[in-house]
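The values are calculated or read from the model by the stated rules, or taken from the named source; none is laboratory data. Since this is a predicted model, take the numbers as computed values, not measurements. Cβ placement follows ideal geometry from the backbone for every residue including glycine, while neighbour counts extend to all protein chains displayed.
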Amino acid sequence: MKVLDYLKDHVTYLDGGMGTLLQKRGLQPGELPERWNVSHADVIVEIQKAYFDAGTNIICTNTFGANSLKFDDEELQTLISAAVENAKKARELSSGMQEKFVALDIGSMGKLLKPYGDFEFEDAVEVYAKTVRIGAACGVDLIYIETMNDSYDTKAALLAAKENCDLPVFVSNAYGEDGKLMTGATPAAMVAMLEGMHADAIGANCSLGPEQLRGVVEEYLAYASVPVLLKPNAGLPRSENGQTVYDVFPEEFSDVMKGYVEAGIRIAGGCCGTTPDYIAATVAKTKDLAPKEIVPKNRTLISSYTHVVEFKDSPILIGERINPTGKKRFKEALRNNDIDYILGEGLTQQEKGAHVLDVNVGLPEIDEVEMLKRVAFELQAIIDLPLQIDTTNVTAMETALRRYNGKAMINSVNGKEEVMREIFPLVKKYGGLVVCLTLDEDGIPAEAEKRVEIAKNIIRVAKEYGIEKKDLIFDTLAMTVSADSHAALATLQALNVIKHELGCHTSLGVSNVSFGLPNREIITAAFFSLALENGLSAAIMNPNAAEMMKSYYSFRALHGLDENCTDYIENIGKYASVAAAPAQTAGATAEGAKDSEFQSDLQRAIVKGLKEQAAALTIERLKTEEPLDIVTSQIIPALDIVGKGFEKKTMYLPQLLMSAEASQCAFEQIKNKMASSSSESVSRGKFVIATVHGDIHDIGKNIVKLILENYGFEVYDLGKDVPPETVVDVVVEQHAPLVGLSALMTTTVPAMEETIKQLREKAPWAKVIVGGAVLTQEYADSIGADYYAKDAMATVRYSMQQMGQQA
Amino acid sequence: MSENVIFVKKYDEADKALAVNEREVLRYAGYLGLPETMDETLREVFSQVVEELKGAFSYQVCYRRMDVTWEDGMPQFSLQTQSKDLAKCLNGSREVILFAATVGLEIDRRIAKHQRFSPTKALLMQAYGAERVETLCNAFCDEMKRQAEAEGLQCTARFSPGYGDLPLEAQRDVFRLLDCNRKIGISLNESLLMTPSKSVTALFGMGAGVCPGQEHKCESCEKKDCEFRSDDVRA
């Protein structure tokens, strides 16, 4: 019998702890338990046989850490095949009459993936793939991925399993006391991602005792439509007379497990500290229970690496600002690789209340595949909102979905056969909630009925791919009402039918409706309210638009979605009066004038680190002064005051940074002005900066970058963990005269030395400045650097000197 | 007595032993003045940071107790090393406690977020995180010291891979011995850096009559020109 068939009608039992039992049998601290598959095969077989005898259906091979990071290929092959043999032997020897299966056990490889760690996602997939291929070839019945404490790592392992075998895959995560994974994901977020990728059973194991996992179990059962598994620890270990004792015993353990099986757990076992006694007790108490039926939950979910966003009654706001269409400054940012600007758009939308961010970086002259991959990655490093991947480039779509940490929204498919055949396979493989535009080969139908027909066809084709209705969200296309006075009505009618008759969620890019009209925000917001009333589930919109936010909060309050109008009361003030801002600026000026120690208010604002004031005062000055005059007469002198204060130790690092931030706000205003008047900016010179290969500390590097930019250098920031070749390539390409390298650890200084060596060969003109906690003058000399900079100001002074300029 | 088991301890932020030392936070941030003399704008940003980081930490320690024997003046235990400085620190201990401590990944996320748009906040958060994990280590060690005293034992000062002549490479063994990733979610990368970044691994010895040694890190550090060297040592 196949394990999935068995699972349909039975509560299925996993095994219990292995590591803790091996320690009792003499496994030494730090010794790799996988080697015991060969050296102590008899012990492994004996333990696994005891589990089968206790009633276990699925034995996990002793391969938790069997991966290519710990073992070379040959040993890996030997250990995994021995492990599978041991489990099969235990199965033969056991007298148990139950159905018995062998699962290839895969634990976390213990490396954290980028952006927090240094491991590439694709490399992680390959590590797991190797283990999967060997295990599958040895003839296991299923893959059991377990004890994963990071969602991204989990995705890599599941993807590897799906791509390298046809076996069922069970996935189990390790939750902390806060009910979240170490990297922050909730159980619901894991359900969304793992079901989207078609894991066959999902759940939790390790870290806590059964009772402490109650919240986690309940969340799984509320969200999951696949069988849920649970493999808790025997509580916590403590020491008693020199013996290690776990504080939950078989009796109590099995009582709690019984309750969980009654609540709907379908696969039960134990983790650290549990023994065959725990499994036997659990089996005895639950084997006669009828397995609880698994009901499809039909919840429309997307997720980030921390949480889910559910499409239900309350409207979902999808921020539309990460998109170059019609935005000069955004296009410029894309062309210049100015990721910070793009991320800034993301953060602002998050602050303004967006639930999801649309990400569109399509521009004819850039490499969209690379850019989308990079932007989606960088956004996920700092913003925990789910993303909507928005592109017509299928390769870009797949690349982004593959690396997305969670279950994304996908923008979009439409009724065209060709488009569906391209996109649906990606949805099936990576999971996702797909925006479906109701247009097809014949264009956008004018009539609502025809748009509904297209929707029905999309539902039918999606079903062929196993994509459920709940994972489709229909966009009935908002058209320009100034061009066709019935346009809005058709959109609303189609929306209404799709929501209420087809039972699907809906979304609209609402602002299209108002093209060509004055005061667009007003009519757009009115349309938004009407659409919500007709059943709109989500809007792609600008969260900075006050009118839209007013409609949003009002709708929620009026529709019983905002208990006691709490959100309305808390937020509406922000949108009620927009005229407050100029008054504030005037106030700032007046206050600043009191201080006579500075040449001007702007200088004072910069020195004191007052960001808003610096920006407002710069805007004031730009009305009458040339942008570059402001830089030379105001900003640079202010920076000098701060720089000298820092060097004399009358000002400290946090203050230096605050001034730098304030001057950056001033610079941003100047840049805006110059972009609109398209005059050329003046650069003091190009400066390439990087944290060297192997090092992931970049705060020092970022401080230096900020101060350099303040002084007018054109900084090319290559980020952290940068290979020597990349540094060389950029220095050569830009013919940059200055290079700054940062390293924190003694272990990464060799990478710095190598980078310098390669630079000397390929870019002999470049002056190399080094810095970082571990460096000293002697160290810098020994690796052949041109200059050792003890801090950011030292870097600026040296760079100015090299460029023949006065600091 | 030596044990095969790795224990995990979790701490509550409200624990008195984890009280925040603001002056220490500011020192880590490169602000060498007194907290009282901070100007208003800096004070404002600092209090925003303090506010934002409430509840952002998850304090965890995993540890194990191991027997030590001595051969030719060198300690023999599961962590194999020729470090003379470590031998000196352990000065005849019969047991060691090896531990890893972390305040969790969330602080790294917050730092990453602010680094691009508010480097001042990022800097202060770095400093805050550093102070938190130091304080956590102190709280853990103090607790162990009290337990040891109850058993009639004394503890030595704390020692970490990378101190003196104990190479950072010892981190690999520490991670093997403590199963840090699985127990409390710390991972070690190829360059021997830990993630979450606000994590510490260390060990200390226990024994009857062992000398506590120098506890103050700055005093025993060779980098005499360090910007961050704490005031009382500089003076």
Q: For residues that are in contact with a Lys or Arg (Cβ under 9 Å, 6 or more places away or on another chain) and crowded, with 16+ Cβ neighbours inside 10 Å, tally how many sit in the stretch A:78-95.
A: 5
Q) Residues of the stretch B:87-109 being closer than 18 Å to B:GLN147 by Cα, surrounded by fewer than 24 Cβ atoms within 10 Å (Cβ to Cβ) and not hydrophobic (A, V, I, L, M, F, W, C), which ones? A) B:ARG94, B:GLU95
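Taking the residues in the stretch A:768-782 that are crowded, with 20+ Cβ neighbours inside 10 Å and in contact (Cβ under 8 Å) with a residue 12 or more places away in the chain as candidates, determine which candidate is nearest to B:LEU123 (Cα to Cα).
By that ranking, first place goes to A:GLY772.
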Q) Of the residues in the stretch A:194-229, how many are surrounded by fewer than 21 Cβ atoms within 10 Å (Cβ to Cβ), away from chain B (no Cβ under 14 Å) and more than 26 Å from the chain's Cα centre (by Cα)? A) 2
Q. Between a first residue in the stretch A:110-129 that is more than 7 Å from chain B (Cβ to nearest Cβ) and small (Gly, Ala, Ser) and a second residue that is crowded, with 23+ Cβ neighbours inside 10 Å and assigned to a loop (DSSP other than H, G, I, E, B), which pairs have beta carbons less than 7 Å apart while being 6 or more apart in sequence or on different chains?
A. A:ALA124/A:MET109
(Q) Within the stretch A:135-164, take every residue that is assigned to a helix (DSSP H, G or I) and surrounded by fewer than 24 Cβ atoms within 10 Å (Cβ to Cβ) and give me the one that is farthest from the other protein chains (Cβ to nearest Cβ). (A) A:ALA137
Q: Select from the stretch B:181-200 the residues that are among the β-branched types (Val, Ile, Thr) and within 12 Å of chain A (Cβ to nearest Cβ) and write down the one among them that is farthest from A:LEU113 (Cα to Cα).
A: B:ILE184
Q) Only one of (1) in contact (Cβ under 8 Å) with a residue 24 or more places away in the chain; (2) assigned to a loop (DSSP other than H, G, I, E, B); (3) farther than 25 Å from A:MET409 by Cβ is not met by A:PHE170, so which one is it? A) (2)
Q: Working carefully through the options B:MET144, B:MET125, find the one that is in a helix (DSSP H, G or I), buried (at least 24 other Cβ atoms within 10 Å of the Cβ) and either within 14 Å of chain A (Cβ to nearest Cβ) or of a type in the set (Lys, Arg) (or both).
A: B:MET125
Q: Read through the list (1) closer than 19 Å to B:GLU169 by Cβ; (2) out of contact with any Ser or Thr (no Cβ under 9 Å at 6 or more places or on another chain); (3) in a loop (DSSP other than H, G, I, E, B), then give the number of the only condition that A:TRP765 fails.
A: (1)
Q) In this structure, is A:SER151 touching a Gly at 6+ places or on another chain (Cβ under 8 Å), modelled with pLDDT under 95 and hydroxyl-bearing (Ser, Thr, Tyr)? A) no
Q.
What's the number of the only condition in (1) within 14 Å of another protein chain (Cβ to nearest Cβ); (2) free of Cβ contacts under 8 Å to residues at least 24 places away in the same chain; (3) assigned to a helix (DSSP H, G or I) that A:SER239 fails to meet?
A. (3)
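Please find, among A:LYS701, A:LYS720, the residue that is in contact with a strand residue (DSSP E or B) (Cβ under 6 Å, 6 or more places away or on another chain), within 21 Å of A:TYR341 (Cβ to Cβ) and assigned to a helix (DSSP H, G or I).
Only one candidate qualifies: A:LYS701.
Results for (1) closer than 30 Å to A:ASN233 by Cβ; (2) more than 10 Å from chain A (Cβ to nearest Cβ), shown as yes or no for each residue.
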residue: B:VAL8; (1), (2): yes, no
residue: B:LYS16; (1), (2): yes, yes
residue: B:ASN21; (1), (2): no, yes
residue: B:GLU24; (1), (2): no, yes
residue: B:GLY33; (1), (2): no, no
residue: B:GLU36; (1), (2): no, yes
residue: B:ARG43; (1), (2): no, yes
residue: B:VAL50; (1), (2): no, yes
Q | When residues of the stretch B:98-122 are limited to those that are in contact with a Lys or Arg (Cβ under 7 Å, 6 or more places away or on another chain) and outside any helix (DSSP H, G or I), the one farthest from the other protein chains (Cβ to nearest Cβ) | A | B:VAL103
Q: Looking at (1) closer than 12 Å to A:THR691 by Cα; (2) in contact with a Phe, Trp or Tyr (Cβ under 9 Å, 6 or more places away or on another chain); (3) within 14 Å of chain B (Cβ to nearest Cβ), find the lone condition where A:VAL715 falls short.
A: (1)
**Q.** Single unsatisfied condition, A:PRO232 versus (1) within 14 Å of chain B (Cβ to nearest Cβ); (2) touching a helix residue (DSSP H, G or I) at 6+ places or on another chain (Cβ under 9 Å)
**A.** (1)
Q: Could you run through the stretch A:259-290 and say how many residues are surrounded by fewer than 19 Cβ atoms within 10 Å (Cβ to Cβ) and over 27 Å from A:THR154 (Cα atoms)?
A: 9
Q) Say we look at the stretch A:663-698 and pick out the residues that are of a type in the set (A, V, I, L, M) and part of a helix (DSSP H, G or I); which of these is modelled with the highest pLDDT? A) A:ALA666
**Q.** Test set (1) at pLDDT below 85; (2) more than 10 Å from every other protein chain (Cβ to nearest Cβ); (3) outside any helix (DSSP H, G or I) - A:LEU744 fails condition number
**A.** (2)
Q. Of these, B:LEU203, B:LEU153, B:LEU177, which one is within 14 Å of chain A (Cβ to nearest Cβ) and over 14 Å from the mean Cα position of the chain (by Cα)?
A. B:LEU177
(Q) For the stretch A:243-277, which positions are in contact with an Asp or Glu (Cβ under 7 Å, 6 or more places away or on another chain) and assigned to a loop (DSSP other than H, G, I, E, B)? (A) A:GLY269
Q | Among residues of the stretch A:24-47, those that are more than 22 Å from A:ILE58 (Cβ to Cβ), within 37 Å of the chain's Cα centre (by Cα) and in contact (Cβ under 8 Å) with a residue 24 or more places away in the chain, counted | A | 2
Q) Does A:MET182 qualify as being under 23 Å from the mean Cα position of the chain (by Cα) and closer than 22 Å to B:ARG182 by Cα? A) yes
Q) Failed condition for A:LYS352, given (1) away from every other protein chain (no Cβ under 14 Å); (2) surrounded by fewer than 22 Cβ atoms within 10 Å (Cβ to Cβ); (3) under 19 Å from the mean Cα position of the chain (by Cα); (4) closer than 26 Å to B:ALA56 by Cα, with all others met? A) (3)
Q | Set A:GLU709, A:GLU754, A:GLU733: member being more than 28 Å from the chain's Cα centre (by Cα), acidic (Asp, Glu), within 14 Å of chain B (Cβ to nearest Cβ) and over 28 Å from A:LEU639 (Cα atoms) | A | A:GLU754
**Q.** Within the stretch A:495-539, tally of residues that are touching a residue at least 24 places away in the same chain (Cβ under 8 Å) and over 22 Å from A:ASP313 (Cβ atoms)
**A.** 11
